[in-house]
1. Report, by residue number, each residue of region 47-71 that is part of a helix (DSSP H, G or I) and of a type in the set (S, T, N, Q).
2. Which condition number does Phe136 fail, the rest of (1) closer than 25 Å to Ala116 by Cβ; (2) at pLDDT 95 or above being met?
3. Condition test on Val35, is it touching a helix residue (DSSP H, G or I) at 6+ places or on another chain (Cβ under 6 Å) and surrounded by 14 or more Cβ atoms within 10 Å (Cβ to Cβ)?
4. Please work out which one of (1) closer than 30 Å to Ile17 by Cα; (2) modelled with pLDDT of 95 or more is the condition Val154 fails and give its number.
5. Under 6 Å between Cβ atoms, at least 6 apart or on separate chains: pull out the pairs that start in region 90-119 with a residue that is farther than 22 Å from Leu72 by Cβ and end on any residue that is charged (D, E, K, R) and assigned to a helix (DSSP H, G or I).
6. When you look at Val150, is it closer than 27 Å to Asp25 by Cα and either buried (at least 17 other Cβ atoms within 10 Å of the Cβ) or free of Cβ contacts under 8 Å to residues at least 24 places away in the same chain (or both), yes or no?
7. Filter region 40-73 down to residues that are within 16 Å of Trp133 (Cα to Cα) and free of Cβ contacts under 8 Å to residues at least 40 places away in the same chain and give me whichever is surrounded by the most Cβ atoms within 10 Å (Cβ to Cβ).
8. Mind listing just one residue for me: the one in region 127-147 that is of a type outside the set (A, V, I, L, M, F, W, C) and crowded, with 20+ Cβ neighbours inside 10 Å and, of those, nearest to the chain's Cα centre (by Cα)?
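The values are calculated or read from the model by the stated rules, or taken from the named source; none is laboratory data. Given the structure is predicted, the values throughout are model-derived calculations rather than measurements. Positions of Cβ are generated from backbone atoms using ideal geometry, with glycine treated the same way; all protein chains shown enter the neighbour counts.
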Amino acid sequence: MNIANVITLLRILLIPIFIGVLIVDFPNHTFWSAVIFIVLAVSDWLDGYLARKHKLTTNFGKLIDPMADKILVAAALIFLIGKGVDAWMVFLIITREFVVTTLRLGAQSQGITIAASEWGKIKTISQMIAIPWILFGFPYGGNLMLVATVLTVVSGIDYFWKSRSLFPAKLE
């Protein structure tokens with residue numbers, strides 16, 4: 001187990017701490033949940049950086065790292081419904097994650113790797129900004145989440161468009 005994978009696993013293990021701090025009512029709990037979220041989001045960047053720099057990329061890391069991101073974002077969004085995030089946004093974002101993950105796994109079963117796209121990276125960055133923005137209580141958080149939602153849908157469409165050759169020309 002290399003350092004990049006350890007960081008990813010720690011991120012997953014800390015998600016319940018993030019949720020606990022978010023939902024337990026104590027002074028400044030949303031502030032501290034935002035800080036924890038940011039630390040977890042930065043750890044995502046850090047583990048990827050270390051994996052690339054030190055050639056520590058593993059199949060385990062390729063599988064678990066994106067799952068850690070999806071679990072973190074889904075957890076945050078679910079617990080923020082009605083607190084700056086609309087349920088329909090959460091539905092679209094989580095649905096996109098399931099659908100694109102299924103697409104990527106299907107492609108992988110055919111020996112094809114669908115790499116992260118620029119739209120996917122932009123989507124992730126927009127979510128990682130919007131969520132703590134809302135947690136900190138800054139103005140226009142709902143607008144940022146709307147932008148993140150639109151970028152999420154656009155990135156999903158982009159994955160499907162780029163992967164259209166994987167689908168049969170005629171469904172029977």
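1. Passing the criteria: only Asn59.
2. (1)
3. No.
4. Val154 satisfies all of (1) closer than 30 Å to Ile17 by Cα; (2) modelled with pLDDT of 95 or more except (1).
5. none
6. Spelling it out, it is not the case that Val150 is closer than 27 Å to Asp25 by Cα and either buried (at least 17 other Cβ atoms within 10 Å of the Cβ) or free of Cβ contacts under 8 Å to residues at least 24 places away in the same chain (or both).
7. Across region 40-73, the extreme among qualifying residues is Leu40.
8. Among them, the one singled out is Gln127.
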